[in-house]
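The values are calculated or read from the model by the stated rules, or taken from the named source; none is laboratory data. All values reported here derive from a predicted model rather than from experimental measurement. Neighbour counts are summed over all protein chains in view; Cβ atoms, including those assigned to glycine, are modelled from backbone coordinates with ideal geometry.
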Amino acid sequence: MTPNETIRTFIKTNFYVPDGIALADDTLLLDLGIVDSTGVLEITAFLEREYGIQIADRDIVTANMVSIGSIAALLAAKTEQARDAGAAAKSQLHEAPSRRVERAGSRLRDNVRTALRRIQGLR
C-alpha cells in the first residue's frame with residue numbers, strides 16, 4: 001500500500017467522511033470538516049507511530065495537513081530526514097558511551113516537552 005493509500009485508509013477508518021465525498025489526494029480535509037484540530041493531532045500521532053518518524057510542532061500547520069497529498073508530502077520529507085538522521089547516528093556509534101547517553105537524555109527531554117506542549121494545546 002502506498003503512503004497515500006495508508007493515509008486515506010486511516011482517515012476513512014477514524015473520521016466521518018460524508019456520503020458522496022471521494023477522498024482524492026487533493027480533497028480539502030479541513031475545509032470539508034472531515035478533519036479538525038484534534039484530528040490533525042491524531043493523524044500526526046498515527047504517522048509517527050506507523051512510520052517511526054518525528055514531526056515537530058512547527059511542521060503541524062494547515063499547509064501540511066490540508067489534504068492527503070500534503071500529508072503524504074510531509075511524510076516523505078520526514079522519512080527522508082529520518083533516513084539521513086539514521087546515517088548520522090551510525091557514524092555516532094563510535095563516540096564515547098557517555099556522550100551517547102547524554103544525547104539520548106536530551107532527545108528524551110525534547111520528546112517530553114513536545115508531548116506536554118501538545119497536551120496543553122488541547123486544553
Does the range 39-60 hold any residues that are β-branched (Val, Ile, Thr) and touching a helix residue (DSSP H, G or I) at 6+ places or on another chain (Cβ under 7 Å), and which are they?
VAL40, ILE43, ILE53, ILE55, ILE60
Inspect all residues belonging to the range 48-55 and state whether any of them is farther than 23 Å from GLN120 by Cβ and either surrounded by 14 or more Cβ atoms within 10 Å (Cβ to Cβ) or among the acidic types (Asp, Glu) (or both).
yes
Does at least one position in the range 37-47 carry a residue that is in contact (Cβ under 8 Å) with a residue 40 or more places away in the chain and within 18 Å of ARG117 (Cα to Cα)?
yes
With ALA82, ALA104, ALA89 as the choices, which residue is touching a Gly at 6+ places or on another chain (Cβ under 9 Å), among the small types (Gly, Ala, Ser) and at pLDDT below 90?
ALA82
May I ask you to list the residues in the range 25-45 that are over 12 Å from VAL66 (Cα atoms) and either exposed (fewer than 12 other Cβ atoms within 10 Å of the Cβ) or modelled with pLDDT under 95 (or both)?
THR38
